[in-house]
Amino acid sequence: MDFRSVLTTCPYCAVGCNLLLQVLDGQIIGTLPAKTGPSNQGSLCIKGWNVHEFIQHKDRLTKPLIRQGGSLKETTWDDALDYAASQLTSLKDQYGPESVVFAGSARCTNEETYIFQKFARAVFGHNHIDHCARL
Amino acid sequence: MAGLAAAFGSGAMTNSFAELEKANCIFAIGTNTTVAHPIASMRLMRAKANGAKLIVVDPRRTQIASLAHLHIQHRLGTDVALINGIMHIIYKNGWHNQAFIEARTENFPALMEMIDKFPPERVSEITGVPVAQLQQAAEWYSQAEASAICYVLGITQHSTGTDNVKSLANLAMICGHIGRPSTGVNPIRGQNNVQGACDMGCLPNVFPGYQYITVPENLEKFAKAWNAKLSPTPGLTMFEQIDAILEGKVKGLVVFGANPVTSYPDVNRVEKAMKALEFLLVMDIFPTPTTEFAHVVLPATSFAESDGTFSSSERRVQRVRPAIDPIPGKTNWEAIQELSTRMGYPMNFTSGEDIFNEMASLTPAFGGMTFERLNEKGLCWPCPTPDHPGTQYLHKDRFARGLGAFQSIDYRPPAEAPDAEYPLWLTTGTLFTHYLTGTMTRRCPSLHHENPVVEVEIHPEDAHRLHIQPGEEVKATSRRGSIMVKALVTERVKPGVVFIPLHFAENAANRLTNAALDPITKTPEYKVCAVSLDKVA
């Protein structure tokens, strides 16, 4: 039996509560508030207390999908990335780099967002990148 | 963000959550705190227990409103008039902070001229708020030793959103309630890392750390570090992107962790844009209405599989640690890195920490941060050097832009008002159990159980007049579309106003909302539009 508690930060609102995910043999089975969290000091709201319920939900996307004949079909990472890269490259070549734009996320980590905007700016040479800060 | 940036030179929460408890007066406007930020609302309650006056300004009688010493229930979209009116009273009574205005601000005469046009009687007429309430709010806010303003999307999600925020900045400056502990203008962000996404430059006009792309030195620094040719021209905002797709100028869209087909206003129009794309790449953790339009869907990792950081609303950069292996087999940054490499721009990051270190080396506000330093309690930016303790509150002796700039703002009514055909005001918002478009929270059985279906809040008088019974299925219609909703008859809303939460994709409130944009921030008017409610049977 492998049981661990992993200290992390809640993914819902931006109060930034610290919480512990309880992991038993690779399954996240519960959530506890972290008393050391500077903004939550041992409290969590109802969303935070139940955050483990969506992580390993059966609906999670597990494999890349490609549209074939009108519907999305499972494929490998290599096929999906090759196809996406070729499609984006051909739009860039055919219509110019400004024909491809980017919508990022207010939910991903700083590191993921940094690499996403670097990709958009460095590969396409424009600044058509935004996210839902306006929502 | 643009509103605060214009006034102070920086768009973040000026003070920290813990300081709110020690404020002597809290002016909470357009924030349903107990629902959207329950843990932050505890700070407001503790402040009240410590003797602070709590003023809540909200068109709905929310829980926090019912706990307030003063609940100002103004008409939708009249915030600017209300705040100008409060400033008018403060100035006429000599309750303003002349020393602060002289030492720290500019452009006060223009503001004075503007607020002169907002005497209490006129403001009362526009907002529907009794004069006595305006006077009480003006006195409490201005006379307390430390007053803090809190606001959320109830202020920004208007076609006048920037004006609303600038008005709040004016109010703080006229009283000198900024640049000290337990004061300030504090936008409590709705999404876990909206602060971080802005910090990281996921915006069309700035590199990470709000380094403007239009400044040649910034452009040169990033072009050199990234070994790439970069553009000094600001890009399209998300709503301009939709316009550009519909105009045929944009053919491809890459969506990373977002669900525009529920979350953008005027969803029917967004769907048209998605259909018009030649190539749509979506990366997400669950299938969403947006993935249904995609040509390629990449499975994403959740926070529980990610190694990195989030920036909270109080600018605190905190660690996110993986509890399990990536469910899709790759982390999000690995997928983007591999896509980039395939497109001829190779990246060679080895971990989230490796990415963070490159970012910190290019971003002065984060320059003193390392994962090791963040491990304990995180750090609030600016934190420019390895021995810097981080910054609890901003604008202490000077504003980020130098002097604080008063902006004289006139009142503009909302873009759409009720008429004979659409006689009710609709406002939108959140429920205590759900988050955004519900892709996560509606899959949590404990949360779904509390709020399984979309309900429209309607005042008993309106329900009686329209012969609508509690629990009855009714059709809500605006100029843009219609949805089915269950009637929840309640006095939380005033007569003539209805409220629909935005979490339910199958009956998305945003099929009704207006895409009228704030002219500067391009924020849509989610919070106000005109609708009709009709019986089905």
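The values are calculated or read from the model by the stated rules, or taken from the named source; none is laboratory data. Note that the structure is a prediction, hence the values are computed from the model and not measured. Neighbour counts are summed over all protein chains in view; Cβ atoms, including those assigned to glycine, are modelled from backbone coordinates with ideal geometry.
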ask   = Somewhere in the stretch B:225-238, is a residue touching a Leu at 6+ places or on another chain (Cβ under 6 Å), at pLDDT 95 or above, surrounded by fewer than 20 Cβ atoms within 10 Å (Cβ to Cβ) and outside any loop (DSSP other than H, G, I, E, B)?
value = yes
request  = Could you list all residues from the stretch B:249-278 that are closer than 12 Å to B:Pro289 by Cβ, of a type in the set (A, V, I, L, M) and either part of a loop (DSSP other than H, G, I, E, B) or free of Cβ contacts under 8 Å to residues at least 12 places away in the same chain (or both)?
outcome  = B:Ala258
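Test of understanding: among A:Ser5, A:Ser71, which residue is more than 24 Å from B:Thr331 (Cβ to Cβ) and not hydrophobic (A, V, I, L, M, F, W, C)?
Sole residue among the options that is more than 24 Å from B:Thr331 (Cβ to Cβ) and not hydrophobic (A, V, I, L, M, F, W, C): A:Ser71.
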ask   = If you go through the stretch B:440-464, how many residues are among the hydroxyl-bearing types (Ser, Thr, Tyr) and buried (at least 23 other Cβ atoms within 10 Å of the Cβ)?
value = 1
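Within the stretch B:281-293, which residues are more than 7 Å from every other protein chain (Cβ to nearest Cβ) and either surrounded by 24 or more Cβ atoms within 10 Å (Cβ to Cβ) or β-branched (Val, Ile, Thr) (or both)?
Step one: of the stretch B:281-293, the residues more than 7 Å from every other protein chain (Cβ to nearest Cβ) are B:282-283, B:288-293.
Hits for the stretch B:281-293 are B:Val282, B:Met283, B:Thr288, B:Thr290, B:Thr291.
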key: Criterion violated by B:Glu455 - all others in (1) of a type in the set (Asp, Glu); (2) more than 25 Å from B:Ala65 (Cβ to Cβ); (3) modelled with pLDDT of 90 or more satisfied   = (2)
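Could you look through the stretch B:1-32, keep only residues that are assigned to a helix (DSSP H, G or I) and in contact with a strand residue (DSSP E or B) (Cβ under 7 Å, 6 or more places away or on another chain), and pick out the one that is nearest to B:Ile155 (Cα to Cα)?
Just the residues of the stretch B:1-32 that are assigned to a helix (DSSP H, G or I), to begin with: B:2-8, B:17-20.
Next cut, in contact with a strand residue (DSSP E or B) (Cβ under 7 Å, 6 or more places away or on another chain) only: B:4, B:6-8, B:20.
Values: B:Leu4: 12, B:Ala6: 16, B:Ala7: 16, B:Phe8: 18, B:Leu20: 19 Å.
Going through the qualifying residues, I end up with B:Leu4.
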task = Sort out for me the helices (runs of 4 or more DSSP H) sitting completely within the stretch B:306-386 that have 3 or more residues that are over 20 Å from B:Ala228 (Cα atoms) and more than 7 Å from every other protein chain (Cβ to nearest Cβ).
result = B:371-374
query = If we scan the stretch A:12-20, do we find a residue that is part of a helix (DSSP H, G or I), small (Gly, Ala, Ser) and within 7 Å of chain B (Cβ to nearest Cβ)?
reply = no
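Can you name the residue in the stretch A:42-52 that is in a loop (DSSP other than H, G, I, E, B) and surrounded by fewer than 19 Cβ atoms within 10 Å (Cβ to Cβ) and, of all such residues, is nearest to the other protein chains (Cβ to nearest Cβ)?
Going residue by residue through the stretch A:42-52, those that are in a loop (DSSP other than H, G, I, E, B) are A:42-45, A:50-51.
Next cut, surrounded by fewer than 19 Cβ atoms within 10 Å (Cβ to Cβ) only: A:42-43.
Values: A:Gly42: 10, A:Ser43: 6 Å.
By that ranking, first place goes to A:Ser43.
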query = Pairs, please: C-beta under 8 Å, at least 6 apart or cross-chain, first residue more than 7 Å from every other protein chain (Cβ to nearest Cβ) and in the stretch A:89-110, second assigned to a helix (DSSP H, G or I) and modelled with pLDDT of 95 or more?
reply = A:Lys92/A:Ser99; A:Lys92/A:Phe124; A:Pro97/A:Phe124; A:Glu98/A:Phe124
